[in-house]
1. Could you list all residues from segment 115-145 that are part of a helix (DSSP H, G or I), out of contact with any Pro (no Cβ under 8 Å at 6 or more places or on another chain) and not aliphatic (A, V, I, L, M)?
2. Got at least one residue in segment 101-120 being in contact with a helix residue (DSSP H, G or I) (Cβ under 6 Å, 6 or more places away or on another chain), open to solvent by 50 Å² or more (accessible area, probe 1.4 Å) and at pLDDT below 95?
3. With the structure loaded, tell me whether Leu55 is open to solvent by 50 Å² or more (accessible area, probe 1.4 Å), farther than 20 Å from Leu147 by Cα and either at pLDDT 90 or above or in a helix (DSSP H, G or I) (or both) or whether it fails that test.
4. Considering only segment 90-118, how many residues are of a type outside the set (Gly, Ala, Ser) and within 16 Å of Leu147 (Cβ to Cβ)?
5. In segment 145-159, what count of residues is obtained for those that are open to solvent by 60 Å² or more (accessible area, probe 1.4 Å) and under 20 Å from the mean Cα position of the chain (by Cα)?
Amino acid sequence: MTARLGLRHIEARHPARWGAKSPMQTLRIKTPSADNAGEDAERARPGPGRDLSPLLAGAATAIGAVGALLALTDADSPLRGPCTLFFLLAAPAVAIGAALRGLDRFGRALTALAGAVVLDMLVAQGMLAVHRWSVRGGILAVTALSLLVLMLVVGREKFRSKKLGQE
């Protein structure tokens, strides 16, 4: 076992030098086993409390809409601040999350939330730079940018489906 010049001793003995794959190069796809078949059937069974994601999505949409409406109408409500903050984080996060379909759930949620904070900060910095700061302007700018990102994602999906249909 002689090492080439320039390689350290540990590099010369590394399994990748002889074609072994690293853990990052191997894909492990889990197939359901016979032991988990009963659990999957119970999870897929409809009933109360089985799948709350549509209900939570509807509630989040309602809270965001109330927050935007309270901020745009300048209403004096104790819910104005929390609901508006929720809207300012949720609207861009949903749009960015829709663009990141390839990531797992946790990675997509974390990246979308970070992107939402960045988008909000860029809007605030831009408004302050041109001396045009206003709450309504910020809400409208974040809404417009979120809708733009979401429409780009929808347009990309339509373009891909059209392109696949022609081939």
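1. Kept after step one, since they are part of a helix (DSSP H, G or I), are these residues of segment 115-145: 115-129, 135-145.
From the residues that got through so far, the ones that are out of contact with any Pro (no Cβ under 8 Å at 6 or more places or on another chain) too are 117-118, 121-129, 135-141, 143-144.
Of everything in segment 115-145, those that are part of a helix (DSSP H, G or I), out of contact with any Pro (no Cβ under 8 Å at 6 or more places or on another chain) and not aliphatic (A, V, I, L, M) turn out to be Gln125, Gly126, Arg136, Gly137, Gly138, Thr143.
2. Yes: one or more hits.
3. Numbers: open to solvent by 50 Å² or more (accessible area, probe 1.4 Å): yes; farther than 20 Å from Leu147 by Cα: yes; either at pLDDT 90 or above or in a helix (DSSP H, G or I) (or both): yes.
For Leu55, the condition - open to solvent by 50 Å² or more (accessible area, probe 1.4 Å), farther than 20 Å from Leu147 by Cα and either at pLDDT 90 or above or in a helix (DSSP H, G or I) (or both) - is met.
4. If we filter segment 90-118 for residues that are of a type outside the set (Gly, Ala, Ser), which is where we start, we get 92, 94, 96, 100-101, 103-106, 108, 110-111, 113, 117-118.
Narrowing the set further to residues that are within 16 Å of Leu147 (Cβ to Cβ) leaves 92, 94, 96.
The total comes to 3.
5. If we filter segment 145-159 for residues that are open to solvent by 60 Å² or more (accessible area, probe 1.4 Å), which is where we start, we get 145, 147-148, 151-152, 154, 156-159.
With under 20 Å from the mean Cα position of the chain (by Cα) added as a condition, the list becomes 145, 147-148, 151-152, 154, 156-158.
Residues in segment 145-159 being open to solvent by 60 Å² or more (accessible area, probe 1.4 Å) and under 20 Å from the mean Cα position of the chain (by Cα): 9 in total.
The values are calculated or read from the model by the stated rules, or taken from the named source; none is laboratory data. These figures come from a predicted structure and were not determined experimentally. Cβ coordinates were reconstructed from backbone atoms using ideal geometry, including for glycine residues, and neighbour counts include every protein chain displayed. Just so you know, the surface numbers come from the protein's heavy atoms only, side chains and all, with ligands and any DNA or RNA stripped out. Shrake-Rupley method; radii C 1.70, N 1.55, O 1.52, S 1.80 Å.
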